[in-house]
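Data block below; observations after.
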Amino acid sequence: MSMIDSVSAQEAYRDELVAAGLLIPTGVDGLYGRSGMFEEVVERFDALVTVWGGADGAEVMRFPPALNRKYFEESEYLKSFPHLAGTIHSFKGDERAHRSLLRKLEEGQDWTEEQVATDVVMTPAACYPVYPTVAARGPLPEDGRLIDVFSYCFRHEPSLDPARMQLFRMREYIRVGTPDQVMDFRETWLRRGREMMGSLGVPLDIDVANDPFFGRAGTMLSNNQRDQKLKFELLIPITSEEKPTACLSFNYHQDHFGHLWDIKTADGGVAHTACVGFGMERVALALFRHHGFDVARWPAPVRSVLWG
(Lines give C-alpha, C1' and ligand atoms only; values in the text may rest on other atoms or scores of the structure.)
Protein backbone atom coordinates (compact mmCIF):
# COMPACT_ATOMS: atom_id res chain seq x y z
CA MET A 1 0.00 0.00 0.00
CA SER A 2 1.41 3.38 -1.03
CA MET A 3 1.62 6.34 1.34
CA ILE A 4 -1.33 7.98 -0.45
CA ASP A 5 -3.41 4.81 -0.19
CA SER A 6 -2.51 4.47 3.48
CA VAL A 7 -3.65 8.00 4.27
CA SER A 8 -6.84 7.46 2.27
CA ALA A 9 -7.60 4.30 4.26
CA GLN A 10 -7.01 6.13 7.53
CA GLU A 11 -9.26 9.01 6.51
CA ALA A 12 -11.94 6.61 5.28
CA TYR A 13 -12.02 4.72 8.57
CA ARG A 14 -12.13 7.97 10.52
CA ASP A 15 -15.09 9.12 8.41
CA GLU A 16 -16.87 5.80 9.02
CA LEU A 17 -16.40 6.16 12.78
CA VAL A 18 -17.71 9.72 12.68
CA ALA A 19 -20.71 8.72 10.54
CA ALA A 20 -21.49 5.93 13.02
CA GLY A 21 -21.37 8.43 15.88
CA LEU A 22 -18.51 6.65 17.65
CA LEU A 23 -16.09 9.55 17.25
CA ILE A 24 -17.13 13.20 17.46
CA PRO A 25 -14.99 15.60 15.40
CA THR A 26 -13.71 18.80 16.99
CA GLY A 27 -12.19 20.48 13.94
CA VAL A 28 -8.64 19.45 14.94
CA ASP A 29 -7.03 16.33 13.49
CA GLY A 30 -6.43 13.77 16.21
CA LEU A 31 -8.76 15.39 18.76
CA TYR A 32 -12.12 13.68 19.16
CA GLY A 33 -15.06 13.27 21.43
CA ARG A 34 -16.24 9.71 22.03
CA SER A 35 -19.74 8.26 22.13
CA GLY A 36 -21.19 6.34 25.05
CA MET A 37 -20.68 3.05 23.21
CA PHE A 38 -17.06 3.86 22.41
CA GLU A 39 -16.50 4.60 26.10
CA GLU A 40 -18.23 1.40 27.14
CA VAL A 41 -15.88 -0.66 24.97
CA VAL A 42 -12.88 1.16 26.50
CA GLU A 43 -14.23 0.51 30.01
CA ARG A 44 -14.84 -3.17 29.25
CA PHE A 45 -11.32 -3.56 27.93
CA ASP A 46 -9.94 -1.76 30.97
CA ALA A 47 -11.78 -4.27 33.17
CA LEU A 48 -10.30 -7.12 31.11
CA VAL A 49 -6.78 -5.77 31.72
CA THR A 50 -7.53 -5.90 35.45
CA VAL A 51 -8.73 -9.49 35.12
CA TRP A 52 -5.37 -10.46 33.66
CA GLY A 53 -3.14 -8.30 35.86
CA GLY A 54 -5.10 -7.46 38.99
CA ALA A 55 -4.04 -10.52 40.97
CA ASP A 56 -0.38 -9.43 40.87
CA GLY A 57 -0.99 -6.94 43.67
CA ALA A 58 0.05 -3.76 41.89
CA GLU A 59 -0.26 -0.50 43.76
CA VAL A 60 -2.83 1.68 42.00
CA MET A 61 -1.87 5.27 41.15
CA ARG A 62 -3.98 7.68 39.13
CA PHE A 63 -2.53 10.98 37.93
CA PRO A 64 -4.05 13.90 35.99
CA PRO A 65 -2.96 14.36 32.35
CA ALA A 66 -0.48 17.05 33.41
CA LEU A 67 3.01 16.58 34.80
CA ASN A 68 5.27 18.67 37.04
CA ARG A 69 7.48 20.56 34.57
CA LYS A 70 10.53 19.85 36.75
CA TYR A 71 9.88 16.10 36.49
CA PHE A 72 9.38 16.48 32.74
CA GLU A 73 12.71 18.27 32.35
CA GLU A 74 14.48 15.66 34.48
CA SER A 75 13.00 12.85 32.36
CA GLU A 76 15.06 13.98 29.33
CA TYR A 77 11.97 13.64 27.15
CA LEU A 78 12.94 16.77 25.23
CA LYS A 79 16.24 15.15 24.22
CA SER A 80 14.44 12.37 22.39
CA PHE A 81 10.93 13.59 21.54
CA PRO A 82 10.82 17.40 21.31
CA HIS A 83 8.41 17.11 18.37
CA LEU A 84 5.81 15.31 20.51
CA ALA A 85 5.94 17.39 23.70
CA GLY A 86 3.10 19.65 24.79
CA THR A 87 3.60 22.50 27.26
CA ILE A 88 0.88 24.41 29.09
CA HIS A 89 0.95 28.20 28.88
CA SER A 90 -1.24 30.75 30.62
CA PHE A 91 -1.81 34.51 30.74
CA LYS A 92 0.17 36.24 33.48
CA GLY A 93 0.02 39.83 32.32
CA ASP A 94 -1.43 43.03 33.77
CA GLU A 95 -4.45 45.11 32.64
CA ARG A 96 -2.48 46.65 29.80
CA ALA A 97 -1.35 43.26 28.55
CA HIS A 98 -4.95 42.05 28.78
CA ARG A 99 -6.15 44.91 26.59
CA SER A 100 -3.44 44.06 24.08
CA LEU A 101 -4.51 40.41 24.11
CA LEU A 102 -8.17 41.33 23.48
CA ARG A 103 -7.24 43.70 20.66
CA LYS A 104 -5.19 41.02 18.93
CA LEU A 105 -8.02 38.53 19.39
CA GLU A 106 -10.54 40.92 17.83
CA GLU A 107 -8.21 41.67 14.92
CA GLY A 108 -7.47 38.01 14.27
CA GLN A 109 -3.80 38.37 15.22
CA ASP A 110 -1.65 35.95 17.23
CA TRP A 111 -2.73 36.55 20.84
CA THR A 112 -0.62 33.68 22.21
CA GLU A 113 2.41 35.96 22.56
CA GLU A 114 0.84 37.10 25.82
CA GLN A 115 1.03 33.54 27.22
CA VAL A 116 3.94 32.22 29.29
CA ALA A 117 4.92 28.71 30.34
CA THR A 118 3.44 27.36 33.57
CA ASP A 119 4.85 24.79 35.99
CA VAL A 120 2.99 21.92 34.31
CA VAL A 121 3.26 20.17 30.94
CA MET A 122 1.06 17.61 29.25
CA THR A 123 1.78 14.03 30.29
CA PRO A 124 3.49 12.24 27.37
CA ALA A 125 3.19 8.72 28.82
CA ALA A 126 1.24 7.44 31.81
CA CYS A 127 4.35 6.09 33.55
CA TYR A 128 6.25 9.40 33.75
CA PRO A 129 4.89 10.60 37.13
CA VAL A 130 5.54 7.19 38.65
CA TYR A 131 9.34 7.18 38.63
CA PRO A 132 9.94 10.33 40.72
CA THR A 133 7.13 9.23 43.04
CA VAL A 134 8.80 5.87 43.64
CA ALA A 135 12.23 7.51 44.00
CA ALA A 136 10.95 9.84 46.73
CA ARG A 137 10.11 6.83 48.90
CA GLY A 138 13.72 5.72 49.18
CA PRO A 139 15.23 2.29 48.43
CA LEU A 140 12.90 -0.34 47.03
CA PRO A 141 11.71 -3.29 49.11
CA GLU A 142 13.30 -6.67 48.37
CA ASP A 143 10.66 -7.60 45.80
CA GLY A 144 10.73 -4.16 44.14
CA ARG A 145 7.52 -2.36 43.23
CA LEU A 146 4.67 -2.94 40.81
CA ILE A 147 2.49 0.04 39.88
CA ASP A 148 -0.84 0.20 38.03
CA VAL A 149 -1.37 3.59 36.38
CA PHE A 150 -3.94 5.03 33.96
CA SER A 151 -3.91 8.49 32.40
CA TYR A 152 -4.80 10.62 29.44
CA CYS A 153 -1.60 11.39 27.49
CA PHE A 154 -0.72 14.05 24.92
CA ARG A 155 1.56 13.82 21.91
CA HIS A 156 1.65 16.52 19.27
CA GLU A 157 1.30 14.53 16.08
CA PRO A 158 -1.93 15.63 14.34
CA SER A 159 -3.02 12.95 11.90
CA LEU A 160 -5.97 11.75 9.85
CA ASP A 161 -5.34 8.30 11.32
CA PRO A 162 -7.96 7.77 14.06
CA ALA A 163 -5.49 5.47 15.82
CA ARG A 164 -3.00 8.33 16.16
CA MET A 165 -4.81 10.71 18.47
CA GLN A 166 -3.20 13.72 20.09
CA LEU A 167 -5.01 13.04 23.38
CA PHE A 168 -5.47 9.39 24.24
CA ARG A 169 -5.60 7.08 27.24
CA MET A 170 -2.90 4.71 28.36
CA ARG A 171 -3.10 2.01 31.04
CA GLU A 172 0.23 0.68 32.26
CA TYR A 173 1.74 -1.78 34.65
CA ILE A 174 5.22 -0.64 35.67
CA ARG A 175 7.79 -2.93 37.30
CA VAL A 176 10.68 -1.42 39.24
CA GLY A 177 13.37 -3.65 40.68
CA THR A 178 16.37 -5.76 39.73
CA PRO A 179 17.11 -6.73 36.11
CA ASP A 180 15.81 -10.26 36.74
CA GLN A 181 12.59 -8.99 38.32
CA VAL A 182 11.75 -6.60 35.51
CA MET A 183 12.69 -9.04 32.74
CA ASP A 184 10.51 -11.74 34.30
CA PHE A 185 7.69 -9.19 34.37
CA ARG A 186 8.11 -8.32 30.70
CA GLU A 187 8.28 -11.96 29.61
CA THR A 188 5.12 -12.68 31.59
CA TRP A 189 3.26 -9.85 29.90
CA LEU A 190 4.48 -10.78 26.42
CA ARG A 191 2.72 -14.10 26.94
CA ARG A 192 -0.30 -12.61 28.68
CA GLY A 193 -0.72 -9.87 26.10
CA ARG A 194 -0.88 -12.35 23.25
CA GLU A 195 -3.36 -14.57 25.11
CA MET A 196 -5.53 -11.68 26.29
CA MET A 197 -5.81 -10.05 22.87
CA GLY A 198 -6.25 -13.43 21.21
CA SER A 199 -9.37 -13.91 23.35
CA LEU A 200 -10.84 -10.84 21.61
CA GLY A 201 -10.80 -12.46 18.19
CA VAL A 202 -8.54 -9.99 16.40
CA PRO A 203 -5.56 -10.79 14.15
CA LEU A 204 -2.32 -9.91 15.89
CA ASP A 205 1.43 -10.21 15.86
CA ILE A 206 4.22 -9.26 18.27
CA ASP A 207 7.37 -7.75 16.86
CA VAL A 208 10.48 -5.83 17.90
CA ALA A 209 9.95 -2.07 17.66
CA ASN A 210 11.55 1.28 18.34
CA ASP A 211 10.38 4.68 19.54
CA PRO A 212 10.29 7.71 17.18
CA PHE A 213 13.47 9.32 18.53
CA PHE A 214 14.16 12.78 17.07
CA GLY A 215 16.95 13.86 14.77
CA ARG A 216 20.14 12.28 13.50
CA ALA A 217 21.15 10.95 16.92
CA GLY A 218 17.68 9.44 17.20
CA THR A 219 18.44 7.06 14.36
CA MET A 220 21.23 5.51 16.41
CA LEU A 221 19.01 5.30 19.50
CA SER A 222 16.27 3.62 17.46
CA ASN A 223 18.74 1.11 16.01
CA ASN A 224 20.13 0.32 19.46
CA GLN A 225 16.63 -0.15 20.86
CA ARG A 226 15.80 -2.64 18.13
CA ASP A 227 19.16 -4.43 18.27
CA GLN A 228 18.86 -4.96 22.02
CA LYS A 229 15.16 -5.86 21.74
CA LEU A 230 14.22 -3.36 24.42
CA LYS A 231 10.76 -2.72 22.97
CA PHE A 232 8.16 -5.10 21.60
CA GLU A 233 4.74 -4.14 20.25
CA LEU A 234 1.55 -6.11 19.82
CA LEU A 235 0.32 -5.15 16.37
CA ILE A 236 -3.22 -5.31 15.02
CA PRO A 237 -4.19 -4.21 11.49
CA ILE A 238 -6.68 -1.36 11.74
CA THR A 239 -6.35 0.65 8.53
CA SER A 240 -3.52 -1.34 6.92
CA GLU A 241 -2.45 -4.97 6.74
CA GLU A 242 1.07 -3.96 5.69
CA LYS A 243 1.47 -1.44 8.53
CA PRO A 244 -0.53 -2.72 11.51
CA THR A 245 -1.08 -0.50 14.53
CA ALA A 246 0.73 -0.93 17.85
CA CYS A 247 -1.99 -1.49 20.47
CA LEU A 248 0.16 -2.84 23.32
CA SER A 249 3.83 -2.18 24.03
CA PHE A 250 6.30 -4.07 26.20
CA ASN A 251 9.27 -1.92 27.20
CA TYR A 252 12.50 -2.60 29.06
CA HIS A 253 14.15 0.71 30.01
CA GLN A 254 17.21 -0.94 31.59
CA ASP A 255 18.55 1.41 34.30
CA HIS A 256 17.67 4.64 32.42
CA PHE A 257 14.97 5.87 34.81
CA GLY A 258 16.81 4.40 37.79
CA HIS A 259 19.77 6.63 37.02
CA LEU A 260 17.67 9.71 36.21
CA TRP A 261 15.83 9.65 39.52
CA ASP A 262 18.33 7.75 41.65
CA ILE A 263 16.01 4.81 42.32
CA LYS A 264 17.86 2.21 44.38
CA THR A 265 17.18 -1.47 44.90
CA ALA A 266 17.16 -2.91 48.41
CA ASP A 267 20.88 -3.77 48.14
CA GLY A 268 21.82 -0.27 46.93
CA GLY A 269 22.05 -1.00 43.22
CA VAL A 270 20.51 1.13 40.49
CA ALA A 271 16.97 -0.04 39.81
CA HIS A 272 15.84 -1.23 36.40
CA THR A 273 12.34 -0.62 35.06
CA ALA A 274 9.96 -2.16 32.55
CA CYS A 275 6.35 -1.49 31.62
CA VAL A 276 3.51 -2.88 29.60
CA GLY A 277 1.27 -0.23 28.05
CA PHE A 278 -2.26 -0.65 26.72
CA GLY A 279 -3.51 1.86 24.13
CA MET A 280 -7.15 2.07 25.16
CA GLU A 281 -8.55 3.91 22.13
CA ARG A 282 -6.46 1.84 19.73
CA VAL A 283 -7.80 -1.42 21.11
CA ALA A 284 -11.35 -0.10 20.83
CA LEU A 285 -10.70 0.98 17.23
CA ALA A 286 -9.29 -2.47 16.43
CA LEU A 287 -12.38 -4.15 17.88
CA PHE A 288 -14.74 -1.92 15.89
CA ARG A 289 -12.69 -2.54 12.74
CA HIS A 290 -12.75 -6.33 13.00
CA HIS A 291 -16.15 -6.91 14.61
CA GLY A 292 -18.21 -4.01 13.27
CA PHE A 293 -19.83 -0.92 14.75
CA ASP A 294 -22.82 -2.76 16.25
CA VAL A 295 -21.49 -4.41 19.41
CA ALA A 296 -24.69 -6.43 19.77
CA ARG A 297 -23.60 -8.36 16.68
CA TRP A 298 -20.05 -9.02 17.79
CA PRO A 299 -19.06 -12.71 18.01
CA ALA A 300 -20.52 -14.36 21.12
CA PRO A 301 -17.08 -15.43 22.48
CA VAL A 302 -15.84 -11.82 22.28
CA ARG A 303 -18.95 -10.45 23.95
CA SER A 304 -18.57 -13.08 26.65
CA VAL A 305 -14.99 -12.00 27.35
CA LEU A 306 -15.88 -8.30 27.57
CA TRP A 307 -19.42 -8.35 28.94
CA GLY A 308 -19.40 -11.63 30.85
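The values are calculated or read from the model by the stated rules, or taken from the named source; none is laboratory data. All values derive from a computational prediction rather than experimental measurement. Positions of Cβ are backbone-derived with ideal geometry, glycine not excepted, and every protein chain shown enters the neighbour counts. Ligands, DNA and RNA are excluded from the accessible area calculation, which covers all protein heavy atoms including side chains. Shrake-Rupley method; radii C 1.70, N 1.55, O 1.52, S 1.80 Å.
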FRET efficiency for SER304 and ALA19 from the Cβ-Cβ distance with R0 = 41 Å, rounded to 0.05, comes out at 0.90
Name the residue, out of THR273, THR26, THR265, whose mean-square fluctuation peaks in a Gaussian network model built on the chain with Cα pairs under 10 Å.
THR26
A chain fully extended from ASN223 to THR188 at 0.36 nm per residue, minus the present Cα-Cα distance, gains in nm 10.1 nm
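Starting with the highest mean, order 104-114, 236-246 by the number of other Cβ atoms within 10 Å, averaged over the residues of each peptide. Kindly include the intermediate steps, with their values, before the conclusion.
Details: 104-114: 11.5, 236-246: 17.9.
In descending order of packing, they fall as 236-246, 104-114.
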The simple spin-label model distance between GLU241 and GLU76, using points 7 Å out along Cα→Cβ, in nm, is 4.2 nm
What full-extension length gain, to one decimal in nm, is calculated for HIS259 and HIS89 as 0.36 nm per residue of separation minus the Cα-Cα distance?
58.2 nm
Distance from the Cα centre of the range 90-109 to that of the range 235-266, in angstrom?
42 Å
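Could you compute the FRET efficiency for ASP294 and ARG69, with r as their C-beta to C-beta distance and R0 at 41 Å, rounded to 0.05? Please report the intermediate quantities before stating the final value.
Values: r = 45 Å, r/R0 = 1.09.
Working from the Cβ atoms, E equals 0.40.
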(i) 28, 46, 23, 3; (ii) 29, 56, 15, 0; (iii) 35, 59, 6: which one is P(r) over Cα pairs in 20 Å bins from 0, in percent as calculated from this entry?
(ii)
For GLN115, distant residues with modelled amide H under 5 Å away
none
Which cross-chain or sequence-distant (5 or more) residues have an amide H under 5 Å from the amide H of VAL270, H modelled 1.01 Å from N in plane?
THR265
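Could you sort out which of LYS79/LYS104; LYS92/LYS231; LYS243/LYS264; LYS229/LYS264 sit more than 30 Å apart by Cα distance in this structure?
LYS79/LYS104; LYS92/LYS231; LYS243/LYS264
What length, rounded to one decimal in nm, is gained on full extension from ARG137 through to ALA47, with 0.36 nm per residue of separation minus their alpha-carbon distance? Mind showing how you got there, number by number?
On the way: separation 90, 0.36 × 90 = 32.40 nm, distance 2.91 nm.
Fully extending the segment from ARG137 to ALA47 adds 29.5 nm.
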Could you derive backbone 3J(HN,Hα) for the range 188-194 from the dihedral phi with the Karplus parameters 6.51, -1.76 and 1.60 (θ = phi - 60°), listing whole Hz in sequence and x where the residue is Gly or Pro?
4, 6, 4, 6, 4, x, 5
Distant-in-sequence amide H partners of ALA66 (H built 1.01 Å from N, under 5 Å)
THR123
Could you derive backbone 3J(HN,Hα) for the range 112-122 from the dihedral phi with the Karplus parameters 6.51, -1.76 and 1.60 (θ = phi - 60°), listing whole Hz in sequence and x where the residue is Gly or Pro?
6, 4, 7, 9, 10, 5, 9, 8, 10, 10, 6
For the range 181-308, dividing by residue count, accessible area per residue (probe 1.4 Å) in Å² works out to 45 Å²
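In deg cm²/dmol, rounded to 500, what helix-only [θ] at 222 nm does the chain give when every DSSP H run of at least 4 residues adds -39500 (n - 2.57) and the total is split over its residues? Walk me through the numbers before you get to the answer.
Values: 11 runs with 122 residues, N = 308.
Counting only the DSSP helices, I get -12000 deg cm²/dmol.
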In the range 108-151, which residues have a backbone nitrogen under 19 Å from the label point lying 7 Å from ASP267's Cα in the Cα-to-Cβ direction?
139-145
Comparing VAL270, VAL208, VAL116, which has the greatest mean-square fluctuation in the GNM of the chain with Cα pairs linked when under 10 Å apart?
VAL116
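If packing is taken as the mean number of other Cβ atoms within 10 Å per residue, what is the order of 78-87, 120-129, highest first?
Values: 78-87: 15.8, 120-129: 22.6.
In descending order of packing, they fall as 120-129, 78-87.
Quick check: at a probe of 1.4 Å, how many percent of the accessible area of the chain sits on carbon and sulfur atoms? Let's see the in-between values first.
Working: 7760 of 14960 Å².
Whole-percent figure for carbon plus sulfur exposure: 52.
Per-residue counts of other Cβ atoms within 10 Å, averaged by peptide: what ranking do you get for 284-296, 163-175, highest first?
Result, highest mean first: 163-175, 284-296.
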How much net charge surrounds TRP111 when only the other residues with a Cβ under 11 Å from the Cβ of TRP111 are counted, with Lys and Arg +1 and Asp and Glu -1?
-3
